[in-house]
Amino acid sequence: LVMINEIIYATILMLLQGILPKFVGFIDGDVTKPYLLSARDDVITMSSKANRADRAWRNLLESTPVFFALTILCEIKGIDAQIAAQIWISCRVFYVPAYLYGLNALRSTLWTVSILSLIFMASLLIAI
């Protein structure tokens with residue numbers, strides 16, 4: 001499998017980004033250790049940075065299934081989409097700090113390029 005590393009990197013990104021909102025909230029003092037060890041039935045108010053981390057993670061959840069599907073289909077069909085997959089991963093990695101620190105133009109550009117890389121991967125499959 002040519003793109004196995006990209007699939008692994010995307011999986012690691014999902015896992016790390018999934019814990020980031022609570023980690024940022026913990027660092028900011030909004031999330032306590034007892035809350036982390038609880039069933040999390042209570043709603044807590046988190047900092048704007050922690051809320052941004054949460055929104056960035058939710059955004060990742062929207063495009064990751066598409067990335068996985070396209071990557072696996074390209075692998076099955078023997079299509080070389082590795083550079084497009086690496087661009088998607090790179091954009092998604094840099095999207096997080098751009099979102100956390102309110103760099104809106106950069107965040108939007110990274111999101112757009114990540115979506116264009118998915119469209120490119122899909123176009124490779126359609127062209128068969």
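Quick notes
- Accessible surface for Ser48 stands near 80 Å², nearest 10, in the context of the full protein assembly shown (1.4 Å probe).
- For the chain, the longest principal axis of the alpha carbon atoms and the long axis of helix 104-126 meet at an angle near 30°.
- Distant-in-sequence amide contacts of Val31, defined by a placed amide H-H separation under 5 Å and a gap of 5 or more residues or a different chain, comprise Phe26.
- Expressed as a whole percent, the accessible surface of the chain that belongs to carbon and sulfur atoms is 67, based on a 1.4 Å probe.
- Taking the charge dipole of the chain about its Cα centre, with +1 at Lys and Arg Cβ atoms and -1 at Asp and Glu Cβ atoms, the residue from Leu16, Ala85, Phe26 reaching farthest to the positive side is Phe26.
- Probe 1.4 Å - accessible area at Met121, Å² to nearest ten: 0 Å²
- Estimated purely from DSSP H runs of n ≥ 4, each contributing -39500 (n - 2.57), the mean residue ellipticity at 222 nm for the chain is -27000 deg cm²/dmol once divided by its residues.
- Which labelled figure in [x] -0.56, -0.73, -1.22; [y] -0.66, -0.79, -1.11; [z] -0.64, -0.83, -1.32 is log10 I(q)/I(0) by the Debye sum over Cα atoms at q = 0.14, 0.16, 0.21 Å⁻¹, once derived from the coordinates: [y]
- Here the Debye sum runs over all C-alpha atoms of the stretch 1-52 as equal scatterers in vacuum, and log10 of I(q)/I(0) at q = 0.13, 0.23, 0.28, 0.32 Å⁻¹ comes out as -0.42, -0.83, -1.05, -1.18.
- Surface per residue (accessible, 1.4 Å probe) for the chain, Å²: 59 Å²
The values are calculated or read from the model by the stated rules, or taken from the named source; none is laboratory data. Values in this document were obtained by computation on a predicted structure and should not be read as measured data. As a convention, Cβ positions derive from the backbone with ideal geometry for all residues, glycine included, and neighbour counts pool all protein chains shown. Accessible surface areas use protein heavy atoms only, side chains included; no ligands, DNA or RNA. Shrake-Rupley method; radii C 1.70, N 1.55, O 1.52, S 1.80 Å.
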